[in-house]
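Take a look at the structure below.
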Amino acid sequence: MGTRLRCTVFLSSVTDSTLLASSPDAGAAARLLFCTRPAFGHVYPLMPLAIVARAATHDVVFATGEDFVPRLRDLGFEAHQVGIGIRQAAQELQSIRANPTTNGSRPDWDWQGQLFLGPLARRSGGDLLPLLDRLAPDLVIYDQVDFGAAVAAGVAEVPAICHGVSRAWSVEMRQAVRWDATRCAVGRLRDGDPAT
């Protein structure tokens, strides 16, 4: 498959920071799948890495929501629609749970956790599984809140790393993240269980 590239990843959830990459001598390119929420603050931080990877002749593909697919294609990237936007996910969540509450100026971490690990993760993860099978990427690079991409990559056994630009999460936010529930939901999607 090529030479191995040493990459330092500053995430406690990533235990093996040695990632497969193509050999410059062999002329082969790695297929990199960038997965992100369809919002400027999520897509744009990934762009420098995607542009550099493309310039190094790697095959760069994006998976994101409907609003950003044409924008990325206009920039010359292959792009596929997966998941739903944050606004649509919030509407879905509000239909089954009351609006978020705040404690003064603090956000409702439970509601936000349910939003990103509920409708957003299930929809993007479910849409990504067949795309992962079809594209067969060498590596998934996902936005730090695209939990569905992280879980789908794990289910499909594709190496993945998280790209993040914000500071570390608070204890409250980390506690709101329920990986097991998301992994089960995306795994059921893989098995064809429409109830998720």
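Pairing each residue of region 71-96 that is over 11 Å from residue 120 (Cβ atoms) with any residue that is of a type in the set (Asp, Glu), provided the two are 6+ apart or on different chains, yields C-beta distances under 9 Å for 72/78; 78/59; 80/127; 81/66; 81/127. Taken together, the residues in region 133-153 that are crowded, with 24+ Cβ neighbours inside 10 Å and part of a helix (DSSP H, G or I) amount to 7.
Screening residue 132 on (1) modelled with pLDDT of 90 or more; (2) touching a Gly at 6+ places or on another chain (Cβ under 8 Å) shows it passes everything except condition (2).
Total residues in region 25-51 satisfying the condition of being part of a helix (DSSP H, G or I), of a type in the set (A, V, I, L, M) and open to solvent by 50 Å² or more (accessible area, probe 1.4 Å): the figure is 2. Of all residues in region 52-77, those that are surrounded by 15 or more Cβ atoms within 10 Å (Cβ to Cβ) and touching a strand residue (DSSP E or B) at 6+ places or on another chain (Cβ under 6 Å) total 11. When you look at residue 125, is it modelled with pLDDT of 85 or more, under 21 Å from residue 164 (Cα atoms) and loosely packed, with under 14 Cβ neighbours inside 10 Å, yes or no? The answer is no for residue 125. Looking at (1) of a type in the set (D, E, K, R); (2) at pLDDT 95 or above; (3) under 22 Å from residue 84 (Cα atoms); (4) under 16 Å from the mean Cα position of the chain (by Cα), find the lone condition where residue 138 falls short. Unmet condition: (3).
Considered as a group, the residues in region 81-98 that are surrounded by 13 or more Cβ atoms within 10 Å (Cβ to Cβ) and assigned to a loop (DSSP other than H, G, I, E, B) include one that is modelled with the highest pLDDT, and that residue is 82. Within region 57-69, not a single residue is over 18 Å from residue 150 (Cβ atoms) and at pLDDT below 80.
The values are calculated or read from the model by the stated rules, or taken from the named source; none is laboratory data. All values reported here derive from a predicted model rather than from experimental measurement. Note that each Cβ is placed from the backbone with ideal geometry, even for glycine, and that neighbours are counted across all protein chains shown. Keep in mind that these areas ignore ligands, DNA and RNA; they rest on the heavy atoms of the full protein, side chains included. Shrake-Rupley method; radii C 1.70, N 1.55, O 1.52, S 1.80 Å.
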